[in-house]
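Asker: Below is the structure I would like to discuss, written out as structure tokens.
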Amino acid sequence: MPMKAFVIEDEIPARRSLVRKLTAEFPDIEIAGEAGSVRESVAWLRENRPDILFMDVELADGNCFEIFRQVKVTAKVIMTTAYDNYAVKAFEAGSIDYLLKPVDSEALHRAVDRCRDAAHTQDLEQVLAALRPAQTFKERFLVYINDHIVPVRAADIACFFAEDKNNHVVTRDGTVYVVDTSLDDLSEELDPGVFFRISRSCIVAKDLIQSAIKLPGGRLQLLLPEPIQARGADFTVSRARTEEFLRWLES
């Protein structure tokens, strides 16, 4: 039975070249699909399960790590990259293979052979973690109390929420402050392992979520400790974010 391959590459010439090589040199590999963006890849992978996934690191609308955050990948993964020795070292240390562009036949055969080898397992999370650039997140945020500016540690924050054209931060003891940063910007500055944006108007800390109640329409209502629950934020997880939220909460 042929192995099904999915090729993710936003550079059309590079994608065509790889598909031609696979078709010409591997009669037991079927090209099941192609994509050039995170959005297209996630949509395809939600409906299909390839055996091998060839994936460029940098895509038209983001990097490949977004795909793994949005959909479960069970295929053997071979990444392609035109740069950065850190990627090469990470793959050499792991069991997922890599291909440096332009792809040569010897490297391609080596990568496919590793995928054919049932004993050659992969630790996808470990290797992806090694590939991610080191990222730092804000540890303090400035809040405003009349004419005073006060720093608040991220570790002391329970949630952020937007109300009446203002953005607020609620600390773990239930104190509410105004913060001069949009929720869009806060989403980029906060550690995604600790905080999650459950809707357009609210970001919550994981360890304070006590339970979630299913609501009509696929939404969830979160229960947080009383001093925080009573401070005016709407702790409803929007329907569009419910699936991703549950994966985050479980991780």
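No value in this document is a laboratory result; all are computed from the given coordinates. Computed from a prediction, not measured in an experiment: that's the story for all the values here. In this analysis, Cβ positions are derived from the backbone assuming ideal geometry, glycine residues included, and neighbour counts consider all displayed protein chains.
Asker: With n ≥ 4 as the cut-off for DSSP H runs, can you work out [θ] at 222 nm for the chain, using -39500 (n - 2.57) per run divided by the number of residues, rounded to the nearest 500?
Answerer: Calculated mean residue ellipticity at 222 nm is -9000 deg cm²/dmol.
Asker: Hey, another quick one. May I ask you to derive the FRET efficiency for ALA230 and LYS206 from their Cβ-Cβ distance with R0 = 22 Å, giving the value to the nearest 0.05?
Answerer: 0.65
Asker: I'd like the distance separating the alpha-carbon centroids of the range 10-28 and the range 173-194, in whole Å.
Answerer: 44
Asker: Further question on the same structure: For the range 140-250, rounded, prolate or oblate, judged on the Cα gyration tensor with a ≥ b ≥ c (square roots of eigenvalues), a/c < 1.5 rounded, else prolate if a/b > b/c?
Answerer: Here the range 140-250 falls in the prolate category.
Asker: Among all stretches of the chain without exposed chymotrypsin sites (Phe, Trp or Tyr not before Pro) (DSSP loop, at most 14 other Cβ atoms within 10 Å), which one is longest? Please list the in-between numbers first.
Answerer: Numbers: sites that count: TYR83, PHE137.
Longest gap between qualifying sites, sites excluded: 138-251.
Asker: Between ARG49 and THR23, what length comes free when the chain is fully extended (0.36 nm per residue of separation minus the Cα-Cα distance, one decimal in nm)?
Answerer: So the chain would gain 7.4 nm between ARG49 and THR23.
Asker: May I ask you to sort HIS148, HIS168, HIS109 by Cβ crowding, counting other Cβ atoms within 10 Å and putting the fewest first?
Answerer: Result, fewest neighbours first: HIS148, HIS109, HIS168.
Asker: In the chain, what % of DSSP beta bridges are antiparallel (nearest 5)?
Answerer: 65
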